[in-house]
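Down below is the structure, laid out as structure tokens.
The values are calculated or read from the model by the stated rules, or taken from the named source; none is laboratory data. What you see is a predicted model; the values in this text were computed from it and never measured. Virtual Cβ from ideal backbone geometry, glycine too; neighbours counted across all protein chains shown.
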Amino acid sequence: MNQRQATLPAPTPVWYPGWRSAPAGTPTRVGARDTVAALPVFWINLFKAVASQLILWHHMALYGPMCDVAHDLAPALLDALNQHARMVVQVFLVTGGFLAAGSLWPSPGAAPKVGWRDVPAGCWRRYQRLAKPYLLAVLAVVVAAWLARGLMDHPTIPAAPEPGQLAAHIVLAQDVLGIESLSAGFWYVAIDFQLYVVLLMLAATLRGMPGRDWSRAAVSIAVVLALVLVSLLWWNLDASLDAYAPYFIGAYGLGVLARWVRGLRVAREPAALGLMLIVGLALAVEWRSRIALAGATAVLLCLLPEPAAMRSGLARAAQSALAFLAQISYPVFLFHYAVILITGAVVYNQWPESPEAHAMGMVLAWVASLVAGTLIHRAVERR
């Protein structure tokens, strides 16, 4: 994602006031509030970059022999990564809803960009976007597990897949069918696809709704808000639903609402406060740290202004690095488990009881995961 200037993005209509379309001939003036309304590219890059690295290290601290052998070198750090870092999946859910709303339904007061005739093609495009690197990752995990089984015996190494297991992974249905996943993280690809399809069909359903901007906005907000509330207050409390979109649509819907609040030119802060109240109600029913993180991410996406242009070379380099890590976050997310399997097996085979060697192996697996993500991004995603 390229860095954009902190102005209203050209493809996004200017709403005045609130979610109503500006009258013809209304002059556009970019002020402080317009700067806030610009898409928060820097912050999205930051959130995605940090979350992807924490997920990588969470799995590094959870799977394979390296974390077990090296544990005594940094027990507090590895335990924290093991127990808490997985919560950053909520950041991906919220930013995913935010970005999907921007492409399908950027304002509740305007007709969504898709109708029912667009739904099959939209689903196929989303599947292709997810599946091209994902299917390569499935193949990489199968090969990596085969190699790792030849070097060591460890319970975290997946067994050789059966044809039905592979078929379930290809159609993103392994968790729905109760089939063991081949890799940590593959479940998220299926959930992302489900959530996008739900939003796509919801947008298509409300596209033809008659009425003025304000009535369309009221109905759109009410429908999405109802889904968010039912998810946070009911579905998300039932862990048996975690293979299905309703369990996660509370966080994803917060991202959609955050995108709409971001587009407001008046009353943005009260609307963001409304999101905080929704999350507060959910946490009052049952405290969930993951939902608190999702709510905080949504509110920050509503309100954080894009930083001013970076002037120093060091600042620009840091900003470019964040953007790069965000760009490769998806392939890194997909391929790091295969890298961990191979690296862990080789290190364990050569130095089975050396904490220092296993710690170095974890660092090597981290670097190799970034390299693999970069190569897949350039060879597959950019095409």
Legend entry - Candidate set: the stretch 263-289, residues that are surrounded by 18 or more Cβ atoms within 10 Å (Cβ to Cβ) and charged (D, E, K, R); chosen: the one farthest from M87 (Cα to Cα): R265
Inset, instruction - Within the stretch 114-130, count every residue that is without any contact (Cβ under 8 Å) to a residue 24 or more places away in the chain and surrounded by 15 or more Cβ atoms within 10 Å (Cβ to Cβ). - result: 1
Inset, instruction - Would you be able to say whether some residue in the stretch 293-303 is hydroxyl-bearing (S, T, Y), modelled with pLDDT under 95 and part of a helix (DSSP H, G or I)? - result: no
Inset, instruction - Return the total of residues in the stretch 89-106 being modelled with pLDDT under 95 and under 15 Å from L300 (Cβ atoms). - result: 0
Legend entry - Single residue of the stretch 153-175 satisfying the filter (aliphatic (A, V, I, L, M) and at pLDDT 95 or above) that is nearest to Q350 (Cα to Cα): L166
Legend entry - Tally of residues being at pLDDT below 95, farther than 14 Å from P40 by Cβ and assigned to a helix (DSSP H, G or I) across the stretch 248-268: 0
Legend entry - Subset of the stretch 176-189 (residues that are part of a loop (DSSP other than H, G, I, E, B), under 29 Å from N349 (Cβ atoms) and hydrophobic (A, V, I, L, M, F, W, C)): L182, A184
Inset, instruction - Answer yes or no: is there a residue in the stretch 231-242 that is among the charged types (D, E, K, R), closer than 26 Å to K48 by Cα and not in a helix (DSSP H, G or I). - result: yes
Inset, instruction - Go through the residues of the stretch 313-329 one by one and say whether even a single one is touching an Asp or Glu at 6+ places or on another chain (Cβ under 8 Å) and more than 13 Å from A49 (Cα to Cα). - result: no
Legend entry - Residue pairs meeting the criteria (Cβ under 9 Å; at least 6 apart or on separate chains; first farther than 12 Å from L254 by Cβ, in the stretch 266-293; second at pLDDT below 95 and of a type in the set (S, T, Y)): V266/Y16
Legend entry - Candidate set: the stretch 16-69, residues that are more than 20 Å from L99 (Cβ to Cβ), touching a Pro at 6+ places or on another chain (Cβ under 9 Å) and aliphatic (A, V, I, L, M); chosen: the one modelled with the highest pLDDT: V69
Legend entry - Residue list for the stretch 131-172, filter: assigned to a loop (DSSP other than H, G, I, E, B), surrounded by 16 or more Cβ atoms within 10 Å (Cβ to Cβ) and either in contact with a Lys or Arg (Cβ under 6 Å, 6 or more places away or on another chain) or of a type in the set (A, V, I, L, M) (or both): M152, I157, L172
Inset, instruction - Go through the residues of the stretch 100-107 one by one and say whether even a single one is surrounded by 16 or more Cβ atoms within 10 Å (Cβ to Cβ) and touching a strand residue (DSSP E or B) at 6+ places or on another chain (Cβ under 7 Å). - result: yes
Inset, instruction - Restricting attention to the stretch 51-77, report how many residues are in contact (Cβ under 8 Å) with a residue 40 or more places away in the chain and under 21 Å from A326 (Cβ atoms). - result: 8
Inset, instruction - Could you pull out the residue among A100, A85, A80 that is out of contact with any Ser or Thr (no Cβ under 9 Å at 6 or more places or on another chain), free of Cβ contacts under 8 Å to residues at least 12 places away in the same chain and part of a helix (DSSP H, G or I)? - result: A80
Legend entry - Residues of the stretch 304-341 classified as part of a helix (DSSP H, G or I) and crowded, with 19+ Cβ neighbours inside 10 Å, total: 18
